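Novice: My questions all concern the structure below.
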Amino acid sequence: MNILIVGANGQIARETIDLYLENTDFNLTLFLRNSSRLASLESDRVKVIEGDVTNLSDLVEATKGMDVVYLNLAGPVEEGTKNAITAMKENGVDNVILITTLGIYDEVPGEFGVWNNANIGPYFGPYRAAADALEASGLSYTVLRPAWLTNKDEIDYETTDKNEPFKGTEVSRKSVADLVVKASQDRAKYHNKNLGVDKPGTDGPKPSWY
């Protein structure tokens with residue numbers, strides 16, 4: 001299977017690359033603006049390419065021959081997602097995974113929901129627009145909405161559906177990466193899923209380090 005990781009130098013993406021290489025035999029193409037950052041990962045299974053998500057032609061070229069596209073975007077999230085959708089359709093690629101953020105559906109309850117909105121509410125618009133674009137695209141999508149992220153070396157998470165109240169306040173990047181890998185391995189199970197992701201038992205008014 002051929003996986004395109006867009007925004008491959010992001011922290012969750014770096015964890016995901018490690019898990020793919022350790023636990024699958026998939027071939028990875030790493031797409032980022034400065035390919036020298038990941039040049040050391042080049043191998044018989046890993047190809048590193050340079051590109052910009054705001055340049056549609058870069059994504060059209062990158063998505064050729066791919067089975068799954070994993071979007072780990074920052075900055076132009078909405079534009080990058082919409083360009084990826086266009087590129088995938090042009091190349092007949094159907095499967096896409098997108099990382100967004102918790103709170104875009106006002107699904108985070110209670111005191112933590114108020115705190116979360118106050119801290120990252122201005123970012124909701126582009127992430128919501130990106131998720132909406134995927135859901136309307138006709139592609140087989142998985143949208144992940146992680147809680148506040150930690151660098152803990154652990155895989156420990158639970159999920160909530162789009163129409164359910166969000167649980168917990170935090171989750172490790174490695175946990176989110178594990179779910180990305182699972183979503184690409186079992187596309188039927190994760191077909192058109194929109195999932196909140198948190199570590200069980202982390203409920204509270206805010207993440208533990210605040």
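The values are calculated or read from the model by the stated rules, or taken from the named source; none is laboratory data. Keep in mind it's a predicted model, so treat the numbers as computed, not measured. Positions of Cβ are backbone-derived with ideal geometry, glycine not excepted, and every protein chain shown enters the neighbour counts. These accessible areas exclude ligands, DNA and RNA; they are computed on the full protein's heavy atoms, side chains included. Shrake-Rupley method; radii C 1.70, N 1.55, O 1.52, S 1.80 Å.
Novice: Being at pLDDT 95 or above and open to solvent by 60 Å² or more (accessible area, probe 1.4 Å) is true for just one of E135, E170, E90. Which residue is that?
Specialist: Details: E135 fails: open to solvent by 60 Å² or more (accessible area, probe 1.4 Å); E170 fails: open to solvent by 60 Å² or more (accessible area, probe 1.4 Å).
Result of the check over E135, E170, E90: E90.
Novice: Grab the strands (runs of 3 or more DSSP E) fully contained in segment 124-210, keeping just those with 1 or more residues being of a type in the set (D, E). Full working, then the answer.
Specialist: Working: elements: 140-146, 148-150, 158-161, 170-172, 193-198.
Output list reads 158-161, 170-172, 193-198.
Novice: Quick one: what pairs do we get from segment 177-197, first residue touching a residue at least 60 places away in the same chain (Cβ under 8 Å), second outside any helix (DSSP H, G or I) and among the charged types (D, E, K, R), C-beta under 6 Å, 6+ apart or different chains?
Specialist: Close Cβ pairs (under 6 Å, with a partner that is outside any helix (DSSP H, G or I) and among the charged types (D, E, K, R)) amount to N194/K162; G196/R145.
Novice: Just give me the residues in segment 173-210 being open to solvent by 10 Å² or more (accessible area, probe 1.4 Å), touching a Lys or Arg at 6+ places or on another chain (Cβ under 9 Å) and over 19 Å from D106 (Cβ atoms), in sequence order.
Specialist: Within segment 173-210, R173, K174, K182, K189, Y190, K193, K199, P200, T202 meet the criteria.
Novice: Next question. With the requirement that a residue be crowded, with 18+ Cβ neighbours inside 10 Å and either of a type in the set (K, R) or not in a strand (DSSP E or B) (or both), what does segment 27-47 give you?
Specialist: The answer is L38, and nothing else.
Novice: Of (1) under 15 Å from the mean Cα position of the chain (by Cα); (2) surrounded by fewer than 20 Cβ atoms within 10 Å (Cβ to Cβ); (3) of a type in the set (V, I, T), V77 satisfies all except one. Which?
Specialist: (2)
Novice: Of the residues that sit in segment 123-166 and are over 15 Å from the mean Cα position of the chain (by Cα) and aliphatic (A, V, I, L, M), which one is nearest to P205 (Cα to Cα)?
Specialist: I155
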